[in-house]
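Engineer: One structure, as structure tokens, below. Some questions next.
The values are calculated or read from the model by the stated rules, or taken from the named source; none is laboratory data. Please read these numbers as outputs of a predicted model, since none were measured by experiment. Glycine gets a Cβ as well: all are built from the backbone with ideal geometry, and neighbour counts include every protein chain shown.
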Amino acid sequence: MEPKKQFVVSHPTGNTFVRALINKLYQNGQLNRFHTTIGFGSGRNKIIKKIFARRSYAIPDQKVTRHWTAEIIKLLSKGNQQKLRLLTDNSYKRLDEKTALNLHVNKADMLHAYEDGALESFQRAKALGIICSYEIPITHWSSSRRLLSEESERYPLWEPTLESTRESEEKLFRKDEELKLADLITCPSKFVLDSIPNEIKEKTPCQISPFGSPNTNSQLIKFRRNEQKALRLLFVGSMSQRKGLADVFEAMRLLKHAPVRLTILGRTSLPMHFYRKQFSDFDYIPPCSNQKVREVMQLHDALILPSIVEGRALVQQEALSCGLPIIVTPNAGGEDLVDEGITGYLVPIRSPEVIASKIEILLKRLNNLSEMRISCLEKAKCFTWHDYAKKIISFSENLDN
């Protein structure tokens, strides 16, 4: 029997989808090494793991290689969004360089790396005969820049919230070089796959591997009884027009006499008075833990996210797993999550009138949402982290077949 291919995985912060992949690889006996910035596996001092709880992993600590410096500098720094963005880019680049330097020691068959952190390590992998597996979690920069440039003309006051329009030409060049070096490419949604340039897709195998949903126990989902008879809408995400917040406000203005309440949970891009000036009648909750987000979701009736640019917004599946119907655009990356009128509604981008019409439909169904809630819970269960990771691993193993 042919031995299983060994993987090196590189990512600076080890988010939810990275965790799913390295956990599955370790269970399969295929994880050679996980390169990250600050991260600790099992077997480390409990005090250290408690302090760095968000950087702890369910794999042995000896499988983790840490490259601290740039990330520590970023975490200790203060400044505006531009400075923090540059520090984040530097953290990705330094990890990429360190991963490249260690590849000859790791002796793996596959390197799985992510957008903005793969150029040097892919170049080194090519020299060593290691297959380069690339994951692009958000829309290709050319599509993103086009869409957001159009938004800056459509809503000039919101232009400062479109942070990704200010990425440097050097960074964009790196992104394209990474794509060219990849032997296979994984995307989380059709929207992301469609955004990749045709010349890349024509020569490089590409696949969609949707993200998984949070574990759901429908018996533990409890919804507060709606005594106010108002539809409670929830927007979760950065308060930017990339997420379509200006369109949400416009839709709410169209519904000014309807019994609809809007809550926004997320990070501000501009001072709060800017948002209140655009639309004043909303409740605000600052960023909080995942558990708190789920608690907030269970106090609402639907999630609204008319994004202009995404990869696959995880909040969509988080909402479904809490029994919330979703009102989203195809550009939010969850087109496959929407069974029209059953788990929610798909709306075109830049369409406040259509958003308002879907909200009105939900409002008419307010006293009879139980069937939609059950359908949402069932839809969320269709997408698992096990399947997400398995698909990436199988795609890599079958590359030569």
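Engineer: Here is a check on your reading of the model: is ILE285 in the same structural domain as PHE249 (by TED's automatic domain parsing), surrounded by fewer than 15 Cβ atoms within 10 Å (Cβ to Cβ), in contact with a strand residue (DSSP E or B) (Cβ under 6 Å, 6 or more places away or on another chain) and not aromatic (Phe, Trp, Tyr)?
Structural biologist: Yes: the conditions hold for ILE285.
Engineer: So, of the residues in region 128-156 that are within 24 Å of the chain's Cα centre (by Cα) and under 20 Å from VAL18 (Cβ atoms), which turns out to be surrounded by the fewest Cβ atoms within 10 Å (Cβ to Cβ)?
Structural biologist: PRO137
Engineer: For region 11-29, how many residues meet the condition of being in contact (Cβ under 8 Å) with a residue 40 or more places away in the chain, closer than 18 Å to GLN62 by Cβ and small (Gly, Ala, Ser)?
Structural biologist: 1
Engineer: For PHE383, work out the one condition from (1) over 30 Å from LEU262 (Cα atoms); (2) at pLDDT 95 or above it doesn't fulfil.
Structural biologist: Unmet for PHE383, out of (1) over 30 Å from LEU262 (Cα atoms); (2) at pLDDT 95 or above: (1).
Engineer: Filter region 261-279 for residues that are in a loop (DSSP other than H, G, I, E, B), without any contact (Cβ under 8 Å) to a residue 40 or more places away in the chain and within 24 Å of the chain's Cα centre (by Cα) and give the result.
Structural biologist: Scanning region 261-279 gives GLY266, ARG267.
Engineer: While we're here: Looking at ALA113, ALA70, ALA125, can you tell me which residue is part of a helix (DSSP H, G or I), surrounded by 22 or more Cβ atoms within 10 Å (Cβ to Cβ) and of a type in the set (A, V, I, L, M, F, W, C)?
Structural biologist: ALA125
Engineer: Follow-up. Does ILE393 satisfy the condition of being aliphatic (A, V, I, L, M), in a helix (DSSP H, G or I) and either more than 27 Å from ALA258 (Cα to Cα) or in the same structural domain as ARG154 (by TED's automatic domain parsing) (or both)?
Structural biologist: Considered against the rule, which asks whether it is aliphatic (A, V, I, L, M), in a helix (DSSP H, G or I) and either more than 27 Å from ALA258 (Cα to Cα) or in the same structural domain as ARG154 (by TED's automatic domain parsing) (or both), ILE393 comes out as yes.
Engineer: With the checklist (1) out of contact with any strand residue (DSSP E or B) (no Cβ under 8 Å at 6 or more places or on another chain); (2) outside any helix (DSSP H, G or I); (3) within 30 Å of PRO306 (Cβ to Cβ) in hand, flag the one item TYR134 doesn't pass.
Structural biologist: (1)
Engineer: Out of SER269, SER289, which single residue is modelled with pLDDT under 95, of a type in the set (S, T, N, Q) and in contact with a Ser or Thr (Cβ under 7 Å, 6 or more places away or on another chain)?
Structural biologist: It is SER269.
Engineer: Please determine whether any residue of region 340-348 is more than 17 Å from LEU234 (Cβ to Cβ) and either modelled with pLDDT under 95 or part of a helix (DSSP H, G or I) (or both).
Structural biologist: no
Engineer: Against the condition at pLDDT below 95, closer than 30 Å to GLN6 by Cα and surrounded by fewer than 21 Cβ atoms within 10 Å (Cβ to Cβ), how does SER370 come out, does it pass?
Structural biologist: It is false that SER370 is at pLDDT below 95, closer than 30 Å to GLN6 by Cα and surrounded by fewer than 21 Cβ atoms within 10 Å (Cβ to Cβ).
Engineer: Restricting attention to region 251-260, which residues are in a loop (DSSP other than H, G, I, E, B) and touching a residue at least 40 places away in the same chain (Cβ under 8 Å)?
Structural biologist: LEU255, ALA258, PRO259, listed by residue number.
Engineer: Need pairs with beta-carbon distance below 6 Å; first residue assigned by TED's automatic domain parsing to the domain that holds THR139 and within 20 Å of GLU97 (Cα to Cα) and within region 162-191, second of a type in the set (Ser, Thr, Tyr) and at pLDDT 95 or above; sequence gap 6+ or separate chains.
Structural biologist: Listed pairs, sorted by first residue: ALA182/TYR134; ALA182/THR204.
To keep it simple, each residue is scored yes or no on (1) in contact (Cβ under 8 Å) with a residue 40 or more places away in the chain; (2) crowded, with 18+ Cβ neighbours inside 10 Å; (3) under 16 Å from GLY244 (Cβ atoms); (4) not assigned by TED's automatic domain parsing to the domain that holds ALA230.
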{"site": "ASP281", "(1), (2), (3), (4)": "no, no, no, no"}
{"site": "PRO325", "(1), (2), (3), (4)": "yes, yes, no, no"}
{"site": "GLU335", "(1), (2), (3), (4)": "yes, no, yes, no"}
{"site": "ARG350", "(1), (2), (3), (4)": "yes, yes, yes, no"}
{"site": "ILE355", "(1), (2), (3), (4)": "yes, yes, yes, no"}
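Engineer: Filter region 21-43 for residues that are farther than 20 Å from CYS132 by Cβ, hydrophobic (A, V, I, L, M, F, W, C) and not in a strand (DSSP E or B) and give the result.
Structural biologist: If the condition is that a residue be farther than 20 Å from CYS132 by Cβ, hydrophobic (A, V, I, L, M, F, W, C) and not in a strand (DSSP E or B), then ILE38 is the only one that fits.
Engineer: Say whether the condition of being assigned to a strand (DSSP E or B), assigned by TED's automatic domain parsing to the domain that holds LEU172 and more than 23 Å from the chain's Cα centre (by Cα) is met by at least one residue in region 87-110.
Structural biologist: Yes, region 87-110 contains at least one residue that is assigned to a strand (DSSP E or B), assigned by TED's automatic domain parsing to the domain that holds LEU172 and more than 23 Å from the chain's Cα centre (by Cα).
Engineer: Restricting to region 279-310, count the residues that are over 29 Å from GLU150 (Cα atoms) and among the polar types (S, T, N, Q).
Structural biologist: 4
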